[in-house]
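For reference, the structure discussed in these notes is given below.
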Amino acid sequence: MITFEGEYKNLKARIFSEKPFSFLFVFIFFSFILSVFFNVESLKYYAYFLELVLIVLFIIVTINTFKSIINKVTLNESNIKLEGEIFNKEWEKVIPLKEIKIEAKGNPSRSGLCSVTFYIKLKTKDNSYIINAFRTFSDEQILEIFNEFKKYKGEKIILDEKLYLMRIQEKIEKCQ
């Protein structure tokens, strides 16, 4: 059994991260576009309705994005145990390894490789879980979690996965 612990971030820290501000910027941009294009008196009610829809969508996306976090991962021969929070309430989920598929991913950045956030997406038939959505794990831990998962599950690392793992390793070497 091997356990990986990430940094703890409560709901307030997750909400005041940089992601909500990007959502807010998009919302303000679309509101401005609506107000410019629907400036005619007869279309103002449509503009108000569309802005209300955008506000509701903004709230839904924000809540869905920030409601849950995984900050502890435990692997053994048959299961993976995920621990974290939904809103500010602790939760844990134990899933058999044979029911999960794993993907290494990265959020690209214009600032170069050092600003890329790598994460792991675990998919089951019903749900998906993202490890490192809020930069709670280090790149070394992401690399270790992925390799240990593949080892415990008995799968080989395919070419696409090797490319992501090589990028993670390159970031570790270049950006320390």
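Things worth noting here:
- Accessible surface ranking for Lys162, Lys101, 1.4 angstrom probe, highest first: Lys101, Lys162.
- The figure for Thr136 is an accessible area of roughly 10 square angstrom, using a 1.4 Å probe on the protein chains alone.
- In order along segment 80-87, the phi-based Karplus estimate (6.51 cos²θ - 1.76 cosθ + 1.60, θ = phi - 60°) of 3J(HN,Hα) comes to 10, 10, 10, 10, x, 9, 10, 6 Hz; Gly and Pro are listed as x.
- Ordered from largest to smallest accessible area (heavy atoms of protein chains, 1.4 Å probe), the residues Ser78, Ser111 come out as Ser111, Ser78.
- Residue-span extension gain [Phe37 to Ile59] - 0.36 nm each, minus C-alpha spacing: 5.5 nm
- Rounded to the nearest 10 square angstrom, Ile157 shows an accessible area of 50 square angstrom against a 1.4 Å probe.
- The phi torsions of segment 149-154, fed into the Karplus equation with coefficients 6.51, -1.76 and 1.60 and a -60° offset, translate into couplings of 4, 4, 5, 5, 7, x Hz, rounded to whole numbers, with Gly and Pro shown as x.
- Scanning residues 5 or more positions from Asn71 or on other chains, those with amide H under 5 Å from its amide H are Glu83, Gly84, Glu85, with H placed 1.01 Å from N in the peptide plane.
The values are calculated or read from the model by the stated rules, or taken from the named source; none is laboratory data. These figures come from a predicted structure and were not determined experimentally. Surface areas here come from the heavy atoms of the whole protein model, side chains and all, with no ligands, DNA or RNA. Shrake-Rupley method; radii C 1.70, N 1.55, O 1.52, S 1.80 Å.
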